[in-house]
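Student: Okay, here's the structure, questions in a sec.
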Amino acid sequence: MKKIVKVFLLIGSASVAALSLPSFANTAPDFPFIVVNGQASVAVTPDKAKISLNILSVDRQSKQALETVALRGREMVKLALKFGIDQTKIKSFSLSKRIIRDKTRGYQQGEISGYEVSQRFVLELSDIINYSELMDGLVAMNNVNNVQISFDVSTRAKITSNLVKQAGEDAKTKAQDLAAGLGAKLGRVFAASTDANFSSYMATFGLNEQSMPRMEAMSFKAGQYNLFVPETIDISQSINVVYRLK
């Protein structure tokens, strides 16, 4: 009697893998199926931004390091308010303090040579018309460290909803093409989710979202230090869908 081995296919955006059912123990369905990845993306004009930064001071005296961070924090808040950022959109986090010691040989601790104090701030800009001027002031300010910026769009929820639908259609088209190429018929959807809490054979299952600035086109208004606002950012969605095969 011939031994029957059931096989399923995992389909990524550019690869196909054939794996035997036993390799997934009891986690895979007991019928032929395919997993397809659907994607969709759109370029949109950002209208909001988030600036994250640290205020850092290193000094031989602990009190002086603390006072410098406090002073610079007040100056940063004053600058943000000057450019119309609402006070509720300025967030500060707890202080971080670290002792700095001289380097020594072996395991013996060196003498204390100073103190490092830092505090993290986040500024949320609901309007980016003054972004470049604000950034000029921030990056020129003493003790400002590790500045990170992310751009976004206020209509993200609506855009995301549309992209999910488009990604679903893309997944269906890929599934139909694959089934036809295998000489099989596409069945109904077995599983589709925005949640990644599936068993091991669905390690990549879920909905992924990305937003990256496109640097192909940038605003001409960049301030003194060429801190551009991107004219567009890409928002993309990727969803995996499991289809039965007839």
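Student: What is the calculated FRET efficiency for residue 102 to residue 246, with r their C-beta to C-beta distance and R₀ = 51 Å, to the nearest 0.05?
Tutor: E(calc), rounded to 0.05, equals 0.10.
Student: Longer than 30 Å from Cα to Cα, which of 48/97; 48/165; 89/172 are they? Say none if no pair is.
Tutor: Over 30 Å Cα-Cα: 48/97; 89/172.
Student: Next question. Using the per-residue mean of other Cβ atoms lying within 10 Å as a proxy for protection, in what order, highest first, do the peptides 83-93, 32-42, 234-244 fall?
Tutor: In decreasing order of mean packing, 83-93, 32-42, 234-244 become 234-244, 32-42, 83-93.
Student: Could you give the length gained by full extension between residue 71 and residue 39, i.e. 0.36 nm per residue of separation minus their alpha carbon distance, to one decimal place?
Tutor: Contour length minus the Cα-Cα distance gives 6.7 nm.
Student: Heavy atoms only, probe 1.4 Å: what % of the accessible area of segment 98-183 goes to carbon and sulfur, would you let me know?
Tutor: Solvent-exposed carbon and sulfur of segment 98-183 make up 46 percent of the total.
Student: Which of the peptides 150-162, 99-111 is most tightly packed, and how do the rest follow, judged by the mean count of other Cβ atoms within 10 Å per residue?
Tutor: 150-162, 99-111
Student: Given labels modelled 7 Å from the Cα in the Cβ direction, how far is it in nm from residue 95 to residue 182?
Tutor: Computed distance between label sites residue 95 and residue 182 equals 6.2 nm.
Student: May I ask you to list the residues of segment 76-113 whose amide nitrogen lies under 16 Å from a point 7 Å from Cα along the Cα→beta-carbon direction of residue 61?
Tutor: Of the residues in segment 76-113, 113 have backbone N under 16 Å from the label point off residue 61.
The values are calculated or read from the model by the stated rules, or taken from the named source; none is laboratory data. In this text the structure is predicted, and so the values were computed from the model without any measurement. Positions of Cβ are generated from backbone atoms using ideal geometry, with glycine treated the same way; all protein chains shown enter the neighbour counts. Only protein heavy atoms, including side chains, enter the accessible area calculation; ligands, DNA and RNA are left aside. Shrake-Rupley method; radii C 1.70, N 1.55, O 1.52, S 1.80 Å.
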